[in-house]
Amino acid sequence: MIKNNNKVWAVGDIHGCYQELMALYEQLLVGGLNPEKHIVVFIGDYMDRGSESKKVIDQLIKWHKHYPHWIFLYGNHEDIFRNWIENGQKYEESQRWSCFLYNGGVETLKSYKIQEAVKSLIPKEHLNFLFNETKLFYETDKYIFVHGGLLPNVSIKDTKYSLKKKENKETITNAMLWARDDFIDDEYDWGKKVIFGHTPASKSRWGKFGDPILMKNKIGLDGAICPPACKNLIAVELPEERFYIQQHL
Ligand SMILES: [Mn+2]
């Protein structure tokens, strides 16, 4: 297997938008992606909000089999799903959403054992892919790829050391999956450019909504493709920093 560590393509949050994923992939092939030789990193958040999560995950598993050198990161939506499917848990911060599952509906479903029923309906291969075949982060010489972000002012070396020693593991994992403004506004030099998803450019200081976030120390790839925003699915070719934008179809 040829692995050219210097040539990496990264794809932002997909959120069940299958058509856009395939259209973006066509753009990457036209742009020169060689799937056999190049690494493609998917930044996480494959599911939820868009209508075709299952088709997206089927496709990712297909690619994972064909191109074992491609990287699939773990996103906060995979984490929420895992927490629900394995423990029936919900995130407290989500309670503000006025929807059934987030307002105690999980308990109702549990009383009918629907959680177990749902789990049995989802192909084991999908659960295995989402929870066991994904990574929290991925590094090359020049870049670190992570779904949410990194802790402000903490070096990559210290981050990895802490994870290994299981010190502050929860704080670090939480930042990697959920980081927001504190990370994006941080000008700290991690020594590698951080390629992340999770937060679209929605505030004027980060750029136009739906565009990539471009900063000296980081690049944001969440183009807010999913409903209700329906903006863009973004990919980047590195190290050229050439962007590929697929609008919502
Ligand atoms: Mn997301």
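The values are calculated or read from the model by the stated rules, or taken from the named source; none is laboratory data. Note that the structure is predicted; figures quoted are calculated from it, not measured. Note that we place each Cβ from the backbone using ideal geometry, even for glycine, and neighbour counts take in every protein chain shown. Side chains included, ligands, DNA and RNA excluded: accessible areas come from the protein's heavy atoms. Shrake-Rupley method; radii C 1.70, N 1.55, O 1.52, S 1.80 Å.
Which residue, 118, 18, 163, has the largest displacement toward the positive end of the dipole of the chain when charges sit on each Cβ (Lys, Arg +1; Asp, Glu -1)? Toward the positive end, the furthest listed residue is 163. Over segment 184-249, the ratio between the Cα radius of gyration and 2.2 N^0.38 Å evaluates to 1.09.
Counted over the chain with a bin width of 5 Å, the fraction of Cα pairs per bin, in whole percents, is 1, 6, 13, 18, 20, 18, 13, 7, 3, 1, 0. With the helix formula -39500 (n - 2.57) applied to DSSP H stretches of n ≥ 4, the chain reaches a computed 222 nm mean residue ellipticity of -10000 deg cm²/dmol.
Placing unit charges on the Cβ atoms only, positive for Lys and Arg and negative for Asp and Glu, gives the chain a dipole magnitude near 380 debye about its Cα centre.
The mean sequence distance of close C-alpha pairs (under 8 Å, at least 6 residues apart), as a share of the length of segment 106-249, puts its relative contact order at 16 percent.
For segment 159-234, the set of GluC sites (Glu not before Pro) satisfying both a DSSP loop assignment and a count of at most 12 other C-beta atoms within 10 Å is given as 167, 187. Computed over neighbours whose Cβ is under 15 Å from that of residue 75, the net charge equals -3, Lys and Arg +1, Asp and Glu -1. In the chain, the portion of solvent-accessible area held by carbon and sulfur atoms comes to 51 percent [1.4 Å probe, whole percent, DNA, RNA and ligands not counted]. The angle between the Cα long axis of helix 156-165 and the main principal axis of the chain comes to about 40°, on a 0 to 90 degree scale.
Please give the net charge around residue 172, taking every other residue with its beta carbon less than 13 angstrom from that of residue 172, where Lys and Arg add +1 and Asp and Glu add -1. Intermediate values should be presented prior to the final figure.
Numbers: positive: 157, 160, 164, 165, 166, 169; negative: 158, 167, 170.
Around residue 172, the charge tally is +3.
For the chain, the relative contact order is 23 percent, taking Cα pairs closer than 8 Å that sit 6 or more residues apart in sequence and dividing their mean separation by the residue count. Note that segment 120-249 presents 51 Å² accessible area per residue, ligands and nucleic acids not counted, probe 1.4 Å.
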